[in-house]
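Notes follow once the structure below has been shown.
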Amino acid sequence: MTLKKLSIIGLIILLSTNGFSQNYEAKVDSIMSLMTLQEKIGQTVMYGGSWDQTGPIVGSDNGKYIREGHMGAMLNAMSVKGTRDLQKVAIEETRLGIPLLFGYDVIHGHRTIFPINLGLSASWDLKMVEESSRIAAEEASAEGIHWTFAPMIDVSREPRWGRISEGAGEDVYLNSEVAKAYVRGFQGEDLSKSNTILACAKHYVAYGAAQAGRDYHTTNMSDGELRNVYLPPFKAAVDAGVETFMSAFNELNGVPTSGNKYTLRDILRGEWDFEGFVVSDYTSINEMVQHGFAKDSIDAARIGMNAGVDMDMMGHIYRKNLKALVEEGKVPEQFINEACKRILLAKYKLGLFDDPYRYIDENRENTTKYKPEFLAKAREIAAASSVLLQNRNETLPLSSTSKSIAFIGPLVKDEYNIIGNWAAKGDRNGKAVSVFEGVSEYLKPKQIQYAKGCEILKDDTSGFDEAISVSKKANEIVLVMGEGHHMSGEAASRTNLRIPGVQTELIKKIREANPNKKITLVLMNGRPINLSEEVNLVDAILEVWFPGTMGGAATADLLFGKVNPSGKLTVTFPRNVGQVPIYYNMKNTGRPIPQSNPKQDYKSNYIDVPNTPLFVFGHGLSYTNFEYSDLKLSSNTFGFTDELSASVTITNSGSFDGHEIVQLYIHDKVGSVTRPVKELKGFQKLFLKKGESKTVTFAISAEDLKFYNTEKEYTVEPGEFEVAIAPSSDFKFKNTITLID
Ligand code: BGC
């Protein structure tokens, strides 16, 4: 840095600094007073480094753009050496020495990989969500990263959509709670600490409602649906203090979300007072041309900035076009000033003006990744995220004294897929614990039989004979099967929700050869799978999702009963793909099927399968039994300002200690807009020793019952509400409360 440059920014900081935590605005204003229009536009531009590739490469010349003040942020650039080299260019070789911001997709861990987000949500454990994102922030920040493009908080009822794996499932309330926990974990208490990173609420908005589950596809919905289902997690993220938002790829009711003034300026800024900055998704501003919403990239830049997208990710179109657009009066200069200011404020909050190298520390980089305590947490969290879907005849837990157990399937020894998609810098070759390694902690080699049997996707059955012969030699059989990690995540939609390849064929052959043996299926996958056939072929099914670096160890802990399964589904598992979309909080229709006569004609049903799913939202078994009794309501009526309590006693009546996830559901019986048949309004996770009973209490107030009506008012209407506290969404209401005007 030349002395002259040092002194410009240094002087501003000295003049206005009193510890850098105060009066960010004044400092940023004084920096901006020195900036040219093109330099301000430079802050709104993000290009990619070569440490990872998360979208199509659009030619860039990073060194040149930084030097010319044409770039304010980078994605996919990391490591202490890499970020130092780039930051040095920004600090020492540009006119004003404004630091760069480094962003990356730290989605479910950075080095230490936790279960995929859909799996993590199945823990219903907000503390674990926070802890895992805190660890991810520790590891990522130690490699120079300031900002994660997470959490993804797109509600999705679409198992065909590959990105359902990245969110917290189909429920609005759960997604909202989880959103807050991620933000707390990533951003911590104090953003100026070098181990905290900016979070990014994405993809704003309704991306999870892609038609036919095809990625990037159209979304169309009423304003009520948007506000009642898809917006609340984003509002929750704003309330939790999230610093950034990412606009999405999809169009919403004909207007692409990266050029959508209604969602970006009117709702996000106008109604919610969001003060952070909005980044586009990867070239999503440019894609408005393909959407047929912008006539060319110049027009797209105009629409994007005018709609409220502050930063262009990889699109090259703000850099190229905004200056002329301002000069021609097509984009107000004020919008550029506001965008630049928001981005500089974020840099300020991170402490980068105080020390642009504060995230760059070799010692931290070398000592932070894969710390033993991180791995221990990853093991605990992976176990808590797994869901025991079925357990006939107490097939699980297995005994470590069993004479011989056969482990069969393409994922038994897998260390590659097990960390799932979007696994940041997680090591796919050698670091993750496979299921085979995990069970080897419990069994001696002579107790273990192994055969791969087949591949995940290929049609080759040449390994079947060996697998069948191995299965015959064992007393019990564990199959480890599922999807490949690349079969979910971005651009990985499927129309067939079955276990891929010839895996189910192999299960059938193994069952035929072993009609009386206990068979367990351990499943790894990134979405709800159609298990209609498998439920009849195997005795137990343990859904472990893609469980992460310690996934195999955690799976073994569950299989052998060291940990009692406690996860519950946060997404419905359909009977077949024809039922999709299927979710627990649907509407009733005018012709619901009568319980007494499900076959009655002219009712809302299918003629080939029941309306019910295979596994409901909230379902998950344990090795013990929990009994719910004695629902008590503090009152049957309540007013707008009252708080009512609902409580239930839960008893662990089985023979294992365990955690139970207790769920509060409410049904608004009559509304000016029809309301879902049931809605999750609260949950608690509690630990009960065998034989122990505990009372769980939920508070209910009118605030919890609000929804958006057709007038766009967030309101609650007096009347009757059904209430239940249940172990899953599969129950019938028996109690009613009345809100009195
Ligand atoms: C994805 C985003 C991601 C971005 C940067 C896009 O393709 O949709 O979720 O954050 O790439 O990698």
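The angle between the Cα long axis of helix 503-513 and the longest principal axis of the Cα atoms of the chain comes to about 20 degrees, rounded to the nearest 10. Rounded to the nearest 10 degrees, the angle from helix 126-141 to the longest Cα principal axis of the chain is 40 degrees.
So how do 51, 545, 422 rank on accessible area, 1.4 Å probe, biggest first, that is with the largest at the start? Numbers along the way, then the final one.
On the way: 51 90, 545 0, 422 35 Å².
Sorted descending by solvent-accessible area, the residues read 51, 422, 545.
Solvent-accessible surface (1.4 Å probe) assigned to residue 736 amounts to roughly 50 Å². Candidates 735, 233, 482 compared by Cα position along the dipole of the chain: farthest toward the positive end lies 482, with charges placed on Cβ.
Between the range 662-713 and the range 158-186, how far is it from one alpha carbon centroid to the other, in angstrom? About 18 Å separates the Cα centre of the range 662-713 from the one of the range 158-186. Distance from the Cα centroid of the range 371-442 to that of the range 342-362 is 39 Å (rounded to whole angstrom). Using heavy atoms of the protein chains and a probe of 1.4 Å, the accessible area assigned to residue 93 is about 90 Å². Given the pairs 202/632; 180/413; 27/320; 202/330; 444/518, which are separated by over 31 angstrom at their Cα positions? 202/632; 180/413, as the Cα separations exceed 31 Å there. Taken about its Cα centre, the chain carries a charge dipole of roughly 1220 debye when the Cβ of each Lys and Arg holds +1 and the Cβ of each Asp and Glu holds -1. Taking all protein chains as present, what is the carbon and sulfur share of the accessible area of the range 35-120, in % to the nearest whole number, probe 1.4 Å? Carbon-and-sulfur percentage of accessible area, whole number: 49.
Accessible surface comparison of 272, 161, probe 1.4 Å, protein chains only, largest first: the order is 272, 161.
Taking every protein chain into account, the 1.4 Å probe leaves residue 367 with about 80 Å² of accessible area, to the nearest ten. Note on the range 559-704: dipole from Cβ charges, positive end direction compared against 700, 580, 650; the farthest Cα belongs to 580. Residue ranges 357-365, 382-390 sort as 382-390, 357-365 when ordered by packing (mean number of other C-beta atoms within 10 Å per residue, highest first).
Dipole of the chain computed with +1 at Lys/Arg Cβ and -1 at Asp/Glu Cβ about the Cα centre; of 87, 719, 537, farthest Cα towards the positive end is 537. The charge dipole of the range 404-504, taken about the Cα centre with unit charges on the Cβ atoms of Lys, Arg (+1) and Asp, Glu (-1), comes to about 180 debye, rounded to the nearest 20.
Relative to the first principal axis of the alpha-carbon coordinates of the chain, what is the inclination of helix 3-16, with its axis defined by its Cα atoms, in degrees from 0 to 90 and to the nearest 10? Result, in degrees: 70. Straight-line cross-link partners of residue 473 among the aspartates and glutamates, defined as a Cα under 16 Å from its Cα and at least 8 positions apart when in the same chain: 465, 512.
Based on DSSP H runs of at least 4 residues, each adding -39500 (n - 2.57), what is the mean residue ellipticity at 222 nm of the chain after dividing by all its residues, to the nearest 500 deg cm²/dmol? Show your work: numbers first, answer last.
Numbers: 20 runs with 198 residues, N = 741.
Computed mean residue ellipticity for the chain: -8000 deg cm²/dmol.
Relative to the Cα centre, the charge distribution of the range 609-741, modelled as +1 at Lys and Arg Cβ and -1 at Asp and Glu Cβ, gives a dipole magnitude of about 440 debye.
The values are calculated or read from the model by the stated rules, or taken from the named source; none is laboratory data. Everything quoted here is computed from the prediction, not taken from an experiment. Here the Cβ is made from the backbone with ideal geometry for all residues, glycine too, and neighbour counts use every protein chain on show. Ligands, DNA and RNA are stripped out before the accessible areas are found, and what is left, the full protein with its side chains, is counted by its heavy atoms. Shrake-Rupley method; radii C 1.70, N 1.55, O 1.52, S 1.80 Å.
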